[in-house]
Amino acid sequence: MKSGKFWAWVVFALGAAYFFIPLIATVEFSMRMRRGAYSFDAYQIVLGDPRFQATFGYSVLAAVFTIILGVLIVVPAAYWIRLRLPQLRPIVEFITLLPLVIPAIVIVFGYIRMYGSNSPLPFLATDMGTNALLVIGYAMLALPYMYRAVDTGLRTIDVRTLTEAAQILGAGWGTIIGRVILPNVLIAVLSGAFLTFAIVIGEFTMASLLNRPAFGPYLQNVGANRAYEPAALAIIAFAITWGCMSLIQILSRFAPRSANRPN
Amino acid sequence: MAEPFLSIQHVRKSFGATTVVEDFNLDVEPGEFVSFLGPSGCGKTTVLRMVAGFEEPSAGKIVVGGKDITRLKPNQRNVGMVFQAYALFPNLTVAQNIGFGLKVAGMAKANIDARVAEMLDIIKLPQMADRYPYQLSGGQQQRIALARAIAPKPKLLLLDEPLSALDAKVRVSLREEIRSIQKKLGITTIFVTHDQEEALSISDRIAVMYGGKAEQVGTPFEIYNRPATKFVANFVGTLNVLEGKVTDAAAGTVQVNTQEVSLKGKLNGSKSGDMLSLALRPEAISLGRQPGRDSSLSGEISEVHFLGSVIRVRVGIGGNTVSLDTFNSPATPPPAVGEKAEISFSSSDMLVLH
């Protein structure tokens, strides 16, 4: 028993080392810009760079629109599948997994061919159209995470009975989704939203090939041309992702408890 | 009978090739409390769901207050419903749950608050307004669900096995409370249950259902004492069934085992030589000859169970076994297994099952 515990700690320590050593090394390297002393110079340069602010702002805005689009598509779809079309669930689950299987580069080349300026749907003919296409592409990339998060949330409530209870009290579909279903899966939706945010902030392929001024291509550009700044950017990106994960954890504490599962 | 408030006319419901409700008919008077009683899968909940609008009948129509509501959506019917699983909205407080239907109807906030307070008083939980459903017991949640259902003053109240998820003690007190609130408000109510005691104790009338049909509709007294079919007789209450043969249809005599019983006037439509099922409620049978009981059968005691205040005795009569209860008397020892015994009953209490 004691020896088992010892080896469990050894495996844990090895796993932690595998994760933390490169991270610590990156932090250490990002602080060595000034000769002979540790400093935050690389962070100051990165955060003061107007291109950082512009690309980060662009990606945050794209993430917000992606989240709105994802919620508008996924919440009603997952709700309807649970309520009326449960037999379609395996098919929909398979479809939502496709973005993990099909490389983003394949999808983006498909977009360029389908939505070029000479196509019937010329998204790529204008900047706004390209931005919209990028958001649509991001929503698709985030689909596996958003769908699973929302579906898990719906699983914790009795969707059918709550819907019927609201219907019999006079509620229409808008009221049912907006005032009964969404508030009860809000934490799950937020989890999906933060995962979407983390994906969009670091995404490179789509933004680069659609030639959009997003944070991903900026990260790549800085990484190819500078020494210390890429390390600082990597740590900043890590911090953003971890911040999102922490928010999911904090918000999940405020989830409404189900009437049937009081604990 | 007054003009029916709810009229279910020739309703049928099929799911694919399976018919779960077949030619169901029922008229319910205003303010009446009618129970649908039957085993699982008999179609009682499906009928209720068709009245609520959650299922559309394959044929037939449903009329409420003279208006055909068969094709109306549930949110257009002005019907209140209480579900087995409470179905309170977990994200809303008790007051918000009760006021939900009123808010949807666009009622002013002051009026909603007043109605919610009134409902909380009716269900005797005035201090619970700000609690969330998870902070309440099962019984309290179901009372809130009842208040939520009746707050918008629905024309019809539907109760879908509302007591099934509660423990026995709460079930009894809540069913009495439901009945008293229903009487006070005079709201026409349909109550679905598989518990015969529940149905017998609170209903004005009961529709006993089996195989998607109403086997019998009647008052609890009629259902219990004059069951129309073998199923109703067996399903409601405990019944002793004796197989007998008509020996003389004109004289009304039936042979049970080797003994003869007179059932004058009860053998309509039977011919001499027909086999019949005869039924007796345990409380209609006495051990030994008793004054006022015109019929008797002899047998042998096969089982004796001492249950405290009551002694349950089983008597074998040929191939039939009759169960009866006698009160415990400290001065008289209980009968012994193997003893010869005579049971007596009034022939008027004997039911002939078709």
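The values are calculated or read from the model by the stated rules, or taken from the named source; none is laboratory data. The structure presented is a predicted model; accordingly, all values stated were derived computationally and were not measured. No Cβ is skipped: glycine too gets one built from the backbone with ideal geometry, and neighbour counts run over all protein chains shown. Just the protein is used for accessible areas: all its heavy atoms, side chains included, with ligands, DNA and RNA removed. Shrake-Rupley method; radii C 1.70, N 1.55, O 1.52, S 1.80 Å.
Here are the numbers for this structure:
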{"read-out": "Residues located in the range A:218-241, provided they are assigned to a helix (DSSP H, G or I), aromatic (Phe, Trp, Tyr) and within 11 Å of A:Ala42 (Cα to Cα)", "value": "none"}
{"read-out": "Extreme residue, nearest to the other protein chains (Cβ to nearest Cβ), among residues of the range B:88-104 that are among the small types (Gly, Ala, Ser) and either open to solvent by 50 Å² or more (accessible area, probe 1.4 Å) or more than 13 Å from A:Ile176 (Cα to Cα) (or both)", "value": "B:Gly99"}
{"read-out": "Lone unmet requirement of (1) farther than 22 Å from B:Gly43 by Cα; (2) at pLDDT below 90 for B:Pro227", "value": "(1)"}
{"read-out": "Some residue of the range B:172-179 being among the acidic types (Asp, Glu) and under 13 Å from B:Lys44 (Cβ atoms)", "value": "no"}
{"read-out": "Among the candidates B:Lys230, B:Lys245, B:Lys271, B:Lys264, residue that is outside the structural domain of B:Phe345 (by TED's automatic domain parsing) and on the phi < 0 side of the Ramachandran plot", "value": "B:Lys230"}
{"read-out": "Selection count where residues are at the interface with chain B (Cβ under 9 Å from one of its Cβ atoms) and open to solvent by less than 40 Å² (accessible area, probe 1.4 Å), scope the range A:146-162", "value": "3"}
{"read-out": "Test set (1) free of Cβ contacts under 8 Å to residues at least 12 places away in the same chain; (2) more than 26 Å from the chain's Cα centre (by Cα); (3) open to solvent by less than 60 Å² (accessible area, probe 1.4 Å) - A:Ala42 fails condition number", "value": "(1)"}
{"read-out": "Matching residues, the range B:151-163, being of a type in the set (D, E, K, R) and within 11 Å of another protein chain (Cβ to nearest Cβ)", "value": "B:Asp160"}
{"read-out": "One residue from B:Val315, B:Val337 being within 32 Å of the chain's Cα centre (by Cα), in the same structural domain as B:Ala251 (by TED's automatic domain parsing) and of a type in the set (Val, Ile, Thr)", "value": "B:Val315"}
{"read-out": "Test: residue in the range B:277-284 that is over 22 Å from B:Gly237 (Cβ atoms) and within 29 Å of the chain's Cα centre (by Cα)", "value": "no"}
{"read-out": "Subset of the range B:105-134 (residues that are within 13 Å of chain A (Cβ to nearest Cβ) and either loosely packed, with under 15 Cβ neighbours inside 10 Å or in contact (Cβ under 8 Å) with a residue 40 or more places away in the chain (or both))", "value": "B:Ala105, B:Gly106, B:Tyr132, B:Pro133, B:Tyr134"}
{"read-out": "Filtered residues of the range A:164-173 (kept if within 9 Å of chain B (Cβ to nearest Cβ) and either farther than 19 Å from B:Gly99 by Cβ or assigned to a helix (DSSP H, G or I) (or both))", "value": "A:Glu164, A:Ala165, A:Ala166, A:Gln167, A:Ile168"}
{"read-out": "Residue among B:Arg148, B:Arg71 that is buried (at least 22 other Cβ atoms within 10 Å of the Cβ) and either closer than 22 Å to B:Gly31 by Cα or away from every other protein chain (no Cβ under 11 Å) (or both)", "value": "B:Arg148"}
{"read-out": "Candidate set: the range A:1-39, residues that are small (Gly, Ala, Ser) and not in a helix (DSSP H, G or I); chosen: the one most open to solvent (accessible area, probe 1.4 Å)", "value": "A:Gly36"}
{"read-out": "Flag for A:Glu203 being over 26 Å from A:Phe109 (Cα atoms) and among the charged types (D, E, K, R)", "value": "no"}
{"read-out": "Criterion violated by B:Arg77 - all others in (1) buried (at least 19 other Cβ atoms within 10 Å of the Cβ); (2) out of contact with any Gly (no Cβ under 6 Å at 6 or more places or on another chain); (3) not acidic (Asp, Glu) satisfied", "value": "(2)"}
{"read-out": "Test: residue in the range A:112-127 that is more than 14 Å from every other protein chain (Cβ to nearest Cβ), outside any loop (DSSP other than H, G, I, E, B) and crowded, with 17+ Cβ neighbours inside 10 Å", "value": "yes"}
{"read-out": "Number of positions in the range B:6-48 that are in a loop (DSSP other than H, G, I, E, B) and either outside the structural domain of B:Gln216 (by TED's automatic domain parsing) or crowded, with 21+ Cβ neighbours inside 10 Å (or both)", "value": "3"}
{"read-out": "Residue count for the range B:241-298, restricted to those that are among the hydrophobic types (A, V, I, L, M, F, W, C), outside any loop (DSSP other than H, G, I, E, B) and without any contact (Cβ under 8 Å) to a residue 40 or more places away in the chain", "value": "3"}
{"read-out": "Leading residue by the ranking (nearest to the other protein chains (Cβ to nearest Cβ)) among those in the range B:49-68 that are within 17 Å of B:Pro4 (Cα to Cα) and either open to solvent by less than 10 Å² (accessible area, probe 1.4 Å) or of a type in the set (A, V, I, L, M, F, W, C) (or both)", "value": "B:Val51"}
{"read-out": "Top-ranked residue of the range B:293-309 - restricted to ones that are farther than 19 Å from B:Asp349 by Cα and surrounded by 12 or more Cβ atoms within 10 Å (Cβ to Cβ), ranked as nearest to the chain's Cα centre (by Cα)", "value": "B:His305"}
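Rundown of residues vs (1) among the acidic types (Asp, Glu); (2) assigned to a helix (DSSP H, G or I); (3) touching a residue at least 24 places away in the same chain (Cβ under 8 Å); (4) in contact with a Ser or Thr (Cβ under 9 Å, 6 or more places away or on another chain), yes/no style:
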position: A:Asn131; (1), (2), (3), (4): no, yes, yes, no
position: A:Ile136; (1), (2), (3), (4): no, yes, yes, yes
position: A:Ala139; (1), (2), (3), (4): no, yes, yes, yes
position: A:Ala149; (1), (2), (3), (4): no, yes, yes, yes
position: A:Ile157; (1), (2), (3), (4): no, no, yes, yes
position: A:Arg160; (1), (2), (3), (4): no, yes, yes, no
position: A:Thr175; (1), (2), (3), (4): no, yes, no, no
